[in-house]
Amino acid sequence: MIENLKKLSVVFILSIVFLAQVNAQAPVKEWKVYSPDNSLQINLQLKNGSLSYNVQDAGAEIVRRSKLGVESTTEKFAGGLRFVNEQKRKINEIYTLPTGKYHIYHATANQASVTFANSNKSNITVEMRAFNDGVAFRYRFPDSAKTYTIIKEYTEFAIPEAAAWIMPYDKDPAYENIYKNGIPAGTAATDSLGWAFPALFHTKDHWLFISESNTNGDNAAMHLQQNCDNGVYKLAFPMAAESLGKGSVYPTAKTPFATAWRLIIAGKNPGVIVQSAMVSHLAQPNVIGDVSWVEPGRSSWSWWSDHASSRNITTMKRFVDLAAKMKWEYSLVDANWNIPTTGRTIFDLVKYARQKNVKLTFWYNSGGPYNNVTEQPRDLMFNPNARKAELKKLHTWGVKAIKVDFFDSDKQNVMQLCQDILKDAAKEQIMVIFHGCTLPRGWARTYPNLLSMEAVRGAENYGSTEFAMDAAQYNTVFVFTRNVAGSMDYTPVTFSDYKDHPHTTTNTHELALSVVFESGMMHFADSDSSYLKQDNSVKAFLSGVPNTWDDTKLIQGEPGKDVIIARRKGKNWYIAGINGENKAKSFMVNLPFLYSNDMYRSTIYTDGNSPRQIVHRDVIEEKGNKVAVKMMPKGGFVMVFKPQ
């Protein structure tokens, strides 16, 4: 008996050794997708039934080997996978958008879709795209007539040693936390909420920007887990407490469907990040049809300087007058406008704005069971029938846009609500701005009536001493992070102090934000008295500065330090710089693209002798293609070049 047991033990041990040798010798399969210029590549690997990827630039590994895989309540696509087939195609799309850093967009990429089957013979496809400025991947579930609830993602981003600019996630995510400025990659978040998208990294030789695109009603919006040891960042689902606990953390959808794209913009200089349009390129094309009625613009806004203003029709008429005087197209009527005011109605304001040729935007609380904010009107945008009736009424009034606030959740049900609002608004030719919302995830391509989204610690936070002290630094970080993802409703150019929190930025820094930041609806947040008392040259600039662009170039800069950016509208160039540090700086701004064909007349706005002073000079011709400028501590400048 003992002898037989010994023989069985030997056989068992030999079997384990044999299986280990077989697994060790199992073939490793790889699929490589190269960018059109052959510089970047994303490499998908199947080893021992498990998937992983890495990213290389000219052979150098810029994202280390990272896990892939998905698990639902009924299927596991992580381990035990076998290759089924591969399909390849080229992406070559030209499209236009009414908003953004460009007008004409050109997306070129190579794509591979690699399908695998698990032990249940259920299929998953990993789709990969490689652009010249980055790579992206997503999971597609191609089988028919199944329902999957995704409960786990194994997706990782393994970042080499790097500095990181990254924002803590929030239990009511409105993406208004403070970005950490150049912390070591791999630093854990302070609590279990984790880190938010986007995440920016600077390795020894590369800049990397990680985020999502094409998050639709089949998906929840994702973020990053708290722990990221050794620079390995893992995906996380929304928190259960979001939406007052309403709605599932885990998204459910019927096959066939796909997750959002996970994207990595990559380049050897930060200009690649700032100038990239990958978030738009990866989004579903326009689904609302004709968009000739979509009219981005500039807007007056009363709430920043007077929170109660929207209940006072007389005050609101002053801000309509401000928009008319400044030649801004819009005026925003903020929260509680529906509460009756003595002797006047909201329709009196509608008629007055029409007489002044100023278009109105009306504020709404997203309402419903997902928030308990009392500001009105609420619930009208949540209930489908009420929403459609309200939008139809606004259309008959001639109201052109709505600002919808307080979503504060990344759950699937809120992602669907946002897109339902966009669809219904488009049917009434009404544009939309979202506040208290998720990060832009490509929706402005799918629904071009989406003009802007907040998802930033913007000018309203000047009411916080912490923000007021460090706003200059934050403003430089936003250029390389938040505004890369899409239009950003920061509500800039505030010369006044907010309550009892003095500005530490100069007035020229504030002026420059109108060019440095991009938003399809640019809400100028200061009071009417503040703007109207400015020097005539400053008022002329604010009257003429565009908020949609034909071209964008980062001239130089680094998050947390400074930014100089150039934007073109037609033949006119606007170059703006901001200083994020508390020390004076001098720059020789190189403008080789400017003087190639035309002679330009320029107006240059710079810091004066005090933080509140803006000085300007008109120049017929600069010598060569370089302009010398100085910035005060936390200062700025703007240059406007128009062909002679």
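The helices (runs of 4 or more DSSP H) found entirely in the stretch 336-441 that carry 2 or more residues being more than 26 Å from Ala220 (Cβ to Cβ) are 346-355, 384-397. For the stretch 585-618, residues that are assigned to a strand (DSSP E or B), among the aliphatic types (A, V, I, L, M) and surrounded by fewer than 16 Cβ atoms within 10 Å (Cβ to Cβ) total 2.
Applying the condition of being among the β-branched types (Val, Ile, Thr) and farther than 13 Å from Leu439 by Cβ to the stretch 183-215 and asking which residue is surrounded by the fewest Cβ atoms within 10 Å (Cβ to Cβ) yields Thr190.
Scanning the stretch 167-216 for residues that are out of contact with any helix residue (DSSP H, G or I) (no Cβ under 6 Å at 6 or more places or on another chain) and not in a loop (DSSP other than H, G, I, E, B) yields a count of 16. For the stretch 255-294, filtering for residues that are among the charged types (D, E, K, R) and crowded, with 19+ Cβ neighbours inside 10 Å leaves 1.
Could you look through the stretch 557-575, keep only residues that are more than 21 Å from the chain's Cα centre (by Cα) and of a type outside the set (Lys, Arg), and pick out the one that is surrounded by the fewest Cβ atoms within 10 Å (Cβ to Cβ)? Only one residue tops the list, namely Gly570. The residues on offer are Asn547, Asn582, and the sole one that is in contact (Cβ under 8 Å) with a residue 12 or more places away in the chain, among the polar types (S, T, N, Q), assigned to a loop (DSSP other than H, G, I, E, B) and under 25 Å from Asn181 (Cα atoms) is Asn582. Would you call Asn48 farther than 22 Å from Ser119 by Cβ and either within 32 Å of the chain's Cα centre (by Cα) or at pLDDT 95 or above (or both)? For Asn48, the condition - farther than 22 Å from Ser119 by Cβ and either within 32 Å of the chain's Cα centre (by Cα) or at pLDDT 95 or above (or both) - is not met. Gln419 fulfils the conditions (1) crowded, with 24+ Cβ neighbours inside 10 Å; (2) under 17 Å from the mean Cα position of the chain (by Cα) except for a single criterion, (1). Can you work out which of the residues in the stretch 304-336 that are touching a strand residue (DSSP E or B) at 6+ places or on another chain (Cβ under 8 Å) and among the hydroxyl-bearing types (Ser, Thr, Tyr) is surrounded by the fewest Cβ atoms within 10 Å (Cβ to Cβ)? The extreme case among them is Thr314.
Listed by first and then second residue, the pairs with beta-carbon distance under 7 Å, at least 6 apart or on different chains, first residue in the stretch 74-98 and free of Cβ contacts under 8 Å to residues at least 12 places away in the same chain and on the phi < 0 side of the Ramachandran plot, second of a type outside the set (Phe, Trp, Tyr) and part of a loop (DSSP other than H, G, I, E, B), are Thr96/His103. Cβ-Cβ contacts under 8 Å between residues 6 or more apart (or on different chains), taken from a first residue in the stretch 26-41 that is touching a residue at least 24 places away in the same chain (Cβ under 8 Å) and in a loop (DSSP other than H, G, I, E, B) to a second residue that is surrounded by 12 or more Cβ atoms within 10 Å (Cβ to Cβ) and among the hydroxyl-bearing types (Ser, Thr, Tyr), are listed as Pro36/Thr108.
If a residue counts only when it is under 23 Å from His202 (Cα atoms) and assigned by TED's automatic domain parsing to the domain that holds Ala158, which strands (runs of 3 or more DSSP E) contained entirely in the stretch 47-91 have at least 1 such residues?
50-57, 60-67
Has the stretch 292-301 got any residue that is at positive phi and either assigned to a loop (DSSP other than H, G, I, E, B) or of a type in the set (S, T, N, Q) (or both)? For the stretch 292-301, residues at positive phi and either assigned to a loop (DSSP other than H, G, I, E, B) or of a type in the set (S, T, N, Q) (or both): absent. Hey, does the stretch 441-458 have a residue that's over 30 Å from Val287 (Cβ atoms), touching a Lys or Arg at 6+ places or on another chain (Cβ under 8 Å) and buried (at least 21 other Cβ atoms within 10 Å of the Cβ)? No, the stretch 441-458 contains no residue that is over 30 Å from Val287 (Cβ atoms), touching a Lys or Arg at 6+ places or on another chain (Cβ under 8 Å) and buried (at least 21 other Cβ atoms within 10 Å of the Cβ). The set of residues in the stretch 313-335 that are touching an Asp or Glu at 6+ places or on another chain (Cβ under 8 Å) and either in contact (Cβ under 8 Å) with a residue 24 or more places away in the chain or farther than 19 Å from Gln355 by Cβ (or both) comprises Ile313, Arg318, Phe319, Asp321, Leu322, Ala323, Glu329, Ala335.
The values are calculated or read from the model by the stated rules, or taken from the named source; none is laboratory data. Keep in mind it's a predicted model, so treat the numbers as computed, not measured. For neighbour counting, all protein chains shown are included, and Cβ atoms are generated from backbone atoms with ideal geometry for every residue, glycine included.
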